[in-house]
Structure formats: C-alpha cells, structure tokens
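Scroll down for the structure; my scribbles are underneath it.
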C-alpha cells in the first residue's frame, strides 16, 4: 500500500476586510493630527489660537484623547474577521472604547455650551454639536445596555450610529476642503450646513450597512449563537 505524504499546512488566509479599519483610520487621521497639534499648542501656554481653552484646558484634552482612542479602536471593532477570530479582544477593547467615546461626547457637549464660539461658528452649529454629541453618548449607553441583555442586533445598530457621529470630524474635513478651495473659509450657516451634512451622510451610510447586515443574516436555530453574535462580543458580560 502506498503511503500518502502529509499535506502541507495551508498558508494563513489573508482577510480581505482589512480595508475596513484602514479606511476608517485614514478618515481619522486629519482630526487626530489636528488634535495632537492642539495639545502641543496648549502645552506652550496661552495664545490667540487657544484663548478659548487656555483657562480650562481639561475638556479639550479629554475630548481629543477620548475621541482619538475611540475612533482608532472602533475601526478595528468594525472588522468582521477580527471580531470572529478574537471575540475576547473585541469584548475587552470595548471596555476601553465605550468610556473613551462617552468622555469624548460629554466633553464636546460641555465645550459647545460653556466655551466661547469660534470666529466662524454660530448658534446653529452649536446646536448641531449638542444634538449629535448627545446622540453619540446615548448610542453608546443604549448599545452597552443591549449587549448586556444579549441583544446583538440592537447593540450593533447603536454602536454603528455612535461611531458614525464620532467620525463626523473626518468627513467634515473632506467636505470643507473643496469648499475652502472653491469658495473660501465658510462661516455662519454655510459652515453649519456643511458640518451637519457630514454627520447626516455618516449616519445614513452606517444605517444602510447595519440594515444590510441584518437582512443578510441567516436564520439561527433557537438557543444557538450566530457568527455575528460571537463576533460582536455576544459572550456573557460580567
């Protein structure tokens, strides 16, 4: 009888969804770099640029650190293959991501209410920041409550909405750049319109992706966990 040679080990599969965190981190790059520059500016003492934050710098520091942490960690949370292969990492990083996002949202709300308006902003933009900042914080809280009762679909929806709001700064940079080049520095209602449009676009895309994912989910036998539940940190939270 001929002895068959052992089959060589299969090479590690390259996951094709690497573009998900890569594109989201790229979107985060501009506001993250701007935030780092702001922190350096604050560390040098009061200037004309940072006058509205120099007396009480804590909210802006919390906002920049929290938002950067949230957006970068959240980019990997949205990679399906990583969620499936590393559910424990998904769960533990979520315990960092959620407080960071809540801190970023609350500090943003605080600055919108108590800090002086920048030169090119108006009350409309202030209210938009309050509305979307509140939605981000509420989404994180509702998403956390949903996963604690093992409602994975609701958890995914609220987490996606909150992340879409947080990524608004990156989309706003993309929208404002052509406006600045073609028209000039926007101010007042035109700036509020562009900024608000960026948030709406992000939320629309997030809602479409989540609904598409839910619609494509295969039925699961009663009592069994789906791949999405396992990948989304659907293990028991303590």
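Tabulated results
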quantity: P(r) of region 18-216 over all Cα-Cα pairs, binned every 10 Å from zero, in whole percent; calculated: 9, 34, 37, 16, 5, 0
quantity: Region 18-216: relative contact order as a whole-number percent, Cα under 8 Å and 6+ apart; calculated: 21 percent
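Throughout, read-outs are computed from the coordinates displayed, never taken from laboratory work. None of these values were measured; they are calculated from a predicted model.
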